[in-house]
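Okay, structure first, notes after.
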Amino acid sequence: MEWMALSPEEWTAVRLSLRVAVVATLFSLPFGIAIAMALARGRFWGQSLLNGLVLMPLILPPVVTGYLLLIVFGRKGPVGSFLADHFGIVFSFRWTGAALACGVMAFPLLVRAIRLSIEAVDTRLEEAASTLGANRAWVFLTVTLPLIAPGIIAGMILCFAKAMGEFGATITFVSNIPGETQTLPSAIYTFTQVPGGDAGALRLTIVSVIISMLALLASELMARSANRRLEVE
Amino acid sequence: MTLAIDIRHRLGSFLLDARFETGSGLVALFGRSGSGKSSIVNVIAGLIRPDEGSVAINGVPLVDTARGLFVPPHRRRIGYVFQEGRLFPHLTVRQNLLYGHWFTPPAQRRDGLERALDLLGIEALLERRPGRLSGGEKQRVAIGRALLANPRLLLMDEPLAALDEARKAEILPYIERLQEESRVPIVYVSHSMAEVVRLAANVVLLSDGKVAAAGPIGEVMHRLDLFALTGQGEAAAVVEAVVERHDERFGLTELRSLGGVWRLPRLNADVGARLRLRVRARDVMLAKSAPADVSALNVLPGMVAEIRTGDGPIVDIRLDCNGDALLARLTRYSVERLSLALGTPVHALVKSVALDRRSLSRPAQNATGADAEADEA
C-alpha cells in the first residue's frame, strides 16, 4: 500500500479542494435560498431574466464563465477592483477566487433543488401559521424552512460535489498555482501532463471517488432522517 | 361580541357582496358549496384582502378599505380551524398545540395546555406526529391549537366535512363543550343543516355570495320562502324544550315546549335539562280534529300560520302551536281535501320514532348564556 501514500503536495491539493468546496457551498447557501424563494414565490419584473442569469453557468462553456469572472472580478475588473480597494478582498490567483468560481458554477444546482422543494410546500400551512400569530419571518423560520430542509440538504450536497469537481472555470479564472489555486481536478490534470505522473493522478482519482461517495452517503442518510420526520400517512 | 361585516370582493366571475352583523353565541354561516362561506371566513381571518369594505370586532376595525386599514392575520388574534386540519407535519402534536401559545404575549394567555387536553381528550397523542393521527384526532388537535393561541374569535370552516359520520359524532360533543366552557365566540361554516341546528344560536344564510337572511336560528329556519336555501328534504322546525320526566316502563322521555308535551325514546338527559328538538317538515302530519285512535304519541294543537304553494305537488305549511313554530310538508291534494287555510285550527302529529337522537341537541348559548347573564345581574 506504499504507493497509496499521498505526497505533501497532493495532500495540499486535497485540503485546498475541500476548503474551496465547503466555502463555496456555505457562502452560496443564503443567496441560494433567497433567490430560490424569489423565483418560486415572487411575482416581479425581470423574474425570467433572473432565472436565466442563475442558470447561465449550467449552459455556458466553463471556460467562458471563467473568463467572464476574470473580466468582472479580476484585479482590473469593475467589481474586483472595487472589492480590492474597499474591502481588501482579492479573488484573482487566490484560493478565494477558486471558491468563487466553484460557487458560481454550482449555484444553478443549489437553487434548482431548493426551488423545487419550496414549490412543493403547502402554502396553506403557512397561512395556518399566520393565523396562529406568526409574522412572515417566523412563518419562514418555523414552517417553510423545516419543510424545505430535505431540498436544502440535497442542494448543498449537489453544490459541494460540483465544487469539488469544477475545473474549467477555476483554471481559467485563477490558473493552476500549487498550494493556492491547484484543486484536485487541476492537480490530476497537471499529473497527466508530466511524464511519470500516472501514479499521482490515480491516487488523487481514488481520493475524489471516496469523497464523492461519502458525500452521496451523507445526503442519503440526511434525506432519510428528514423524510422520517415528515412522515405523511 | 359583535362582528360587523360589510364587504365586496371579486374572485374571478364570482362576486362576494356580504353585509351582516352578529351578536354573541355561535354564529353559523350556512349555504351550498360555492356560496361564499369560506371566502367570508378568509376575509375575517385576514387571508383574503377584500376589494372593498370593512370588518370589525366589537367596533374595532380589522379591515377598512376606505381608510386603507388592513391588520395582518398574525396580529388579529383570530383562531382558525381549517377543514383539512392543516397541522404542521414536522412538529409533534405537543409542538403543534403550543405553536400559537408561544406567539401569544404572556399577559394575554388564558388557556393552558392542561385545559385544552382536558377539553379535547388528546393527552395520549402529545408525542405523536400528525401523519399518524386519524381524521377525528387531527381535528381535535387543530381545535386545541387554535384555542391555545387565545383567540378573541374562533373560526371553524367545515371542521367536520372531511370526516365520516362516526367521526363527526365523535367531534360534535367537543364543539358543544367548547361553546359551554370557553367564552370564545365562534363563527362556524357548514353546509349541513343538522350541524347548524345542533350548534348555532344565530345563522347567516348565504346564496351566491350574498346574504339571503341573518338572525336567530328559529326565525331563519321557519321562513318558508327560504326553504330552497335551507335545503328541501332537510326543512325542519327548531323547538326548544325542557326534559320533564322519564317513563321507565315504556322507555320514553317526556319534554315540554310551549306547544305541548313531546314523547321521545328514552334520552340520557337530566330532568330539567334544556334541549333543542329538530322536527323535520316531512315527518309532520296534520289532522283537522284531534284523532282518537292513532299511534303517534305527539299531538299538538295549533293553527295554520302560513301556506306556501310551489309549482309542484308540494305545499309547505307553518303552524303556530301556542308560540312554537312547526313546519309541515304536505301534498296539494291533502291541503285541498282538508281545506286548509290561514287560521284553520289543526293538530300536528309526529311519530316519536321520527324524533331520534340525531334530531336533538343541547341548546346553544342564547338560552344558557342569557340565564347566566341574568344570574350575574
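The values are calculated or read from the model by the stated rules, or taken from the named source; none is laboratory data. All values reported here derive from a predicted model rather than from experimental measurement. Glycine gets a Cβ as well: all are built from the backbone with ideal geometry, and neighbour counts include every protein chain shown.
If you check A:Leu16, A:Leu68, A:Leu39 for being assigned to a helix (DSSP H, G or I), under 21 Å from A:Ala149 (Cβ atoms) and over 13 Å from the mean Cα position of the chain (by Cα), only one passes: A:Leu39.
In the set (1) more than 14 Å from every other protein chain (Cβ to nearest Cβ); (2) assigned to a helix (DSSP H, G or I); (3) among the small types (Gly, Ala, Ser); (4) surrounded by fewer than 20 Cβ atoms within 10 Å (Cβ to Cβ), the condition left unmet by A:Gly196 is number (2). Given the structure, is B:Ile57 touching a residue at least 60 places away in the same chain (Cβ under 8 Å) and either surrounded by fewer than 20 Cβ atoms within 10 Å (Cβ to Cβ) or touching an Asp or Glu at 6+ places or on another chain (Cβ under 8 Å) (or both)? Criteria met by B:Ile57.
In this structure, is B:Arg132 over 23 Å from B:Ala201 (Cβ atoms) and within 10 Å of chain A (Cβ to nearest Cβ)? Spell out how you get there, then give the answer.
Working: over 23 Å from B:Ala201 (Cβ atoms): yes; within 10 Å of chain A (Cβ to nearest Cβ): yes.
When the stated conditions are applied, B:Arg132 passes them.
Within region B:8-54, being more than 23 Å from B:Glu84 (Cα to Cα), polar (S, T, N, Q) and touching a residue at least 40 places away in the same chain (Cβ under 8 Å) holds for B:Thr22, B:Ser24, B:Ser54. All of A:Ser186, A:Ser219 fail the test of being in a helix (DSSP H, G or I) and modelled with pLDDT of 90 or more, apart from A:Ser186. Within region B:75-123, the set of residues being of a type in the set (A, V, I, L, M), within 26 Å of the chain's Cα centre (by Cα) and modelled with pLDDT of 90 or more comprises B:Ile78, B:Val81, B:Leu87, B:Leu97. Every test in (1) in a helix (DSSP H, G or I); (2) under 30 Å from A:Ser208 (Cα atoms); (3) over 18 Å from the mean Cα position of the chain (by Cα) is passed by A:Leu6 save one, and that test is (1).
With respect to (1) farther than 19 Å from B:Lys37 by Cβ; (2) crowded, with 19+ Cβ neighbours inside 10 Å, the lone exception for B:Arg177 is condition (2).
Conditions (1) surrounded by fewer than 22 Cβ atoms within 10 Å (Cβ to Cβ); (2) in contact with a Ser or Thr (Cβ under 9 Å, 6 or more places away or on another chain); (3) not acidic (Asp, Glu), marked per residue:
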site	(1), (2), (3)
B:Arg94	yes, no, yes
B:Leu97	no, no, yes
B:Gly100	no, yes, yes
B:Leu117	yes, no, yes
B:Glu123	yes, no, no
B:Gly135	yes, no, yes
B:Leu148	no, yes, yes
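What are the residues in region A:197-225 that are of a type in the set (Lys, Arg) and within 16 Å of A:Gly155 (Cα to Cα), if any? Matches in region A:197-225: A:Arg224 only.
Scanning region B:214-252 for residues that are polar (S, T, N, Q) and within 25 Å of B:Gly23 (Cα to Cα) gives a single hit, B:Thr230.
No other residue among A:Thr131, A:Thr172, A:Thr144, A:Thr205 is buried (at least 17 other Cβ atoms within 10 Å of the Cβ), more than 14 Å from chain B (Cβ to nearest Cβ) and either within 17 Å of the chain's Cα centre (by Cα) or at pLDDT 90 or above (or both) apart from A:Thr172.
I need the strands (runs of 3 or more DSSP E) fully contained in region B:8-91, keeping only those with at least 2 residues that are within 14 Å of chain A (Cβ to nearest Cβ).
On the way: elements: B:14-22, B:27-30, B:52-57, B:60-64, B:78-81.
Counting at least 2 such residues, we get B:78-81.
Just name the residue that is nearest to A:Lys162 (Cα to Cα) out of those in region A:208-223 that are exposed (fewer than 14 other Cβ atoms within 10 Å of the Cβ) and among the β-branched types (Val, Ile, Thr).
We begin by selecting, within region A:208-223, every residue exposed (fewer than 14 other Cβ atoms within 10 Å of the Cβ); these are A:209-210, A:213-214, A:216-217, A:220-221.
Add one more test, that the residue is among the β-branched types (Val, Ile, Thr), and what stays is A:209-210.
Working: A:Val209: 13, A:Ile210: 15 Å.
Result: A:Val209.
Scan region B:207-219 and give yes if some residue there is crowded, with 19+ Cβ neighbours inside 10 Å, on the phi > 0 side of the Ramachandran plot and in contact with a strand residue (DSSP E or B) (Cβ under 7 Å, 6 or more places away or on another chain), otherwise no. Looking for residues that are crowded, with 19+ Cβ neighbours inside 10 Å, on the phi > 0 side of the Ramachandran plot and in contact with a strand residue (DSSP E or B) (Cβ under 7 Å, 6 or more places away or on another chain), one finds at least one in region B:207-219, hence yes. The helices (runs of 4 or more DSSP H) found entirely in region A:87-139 that carry 3 or more residues being under 20 Å from A:Leu60 (Cα atoms) are A:95-119.
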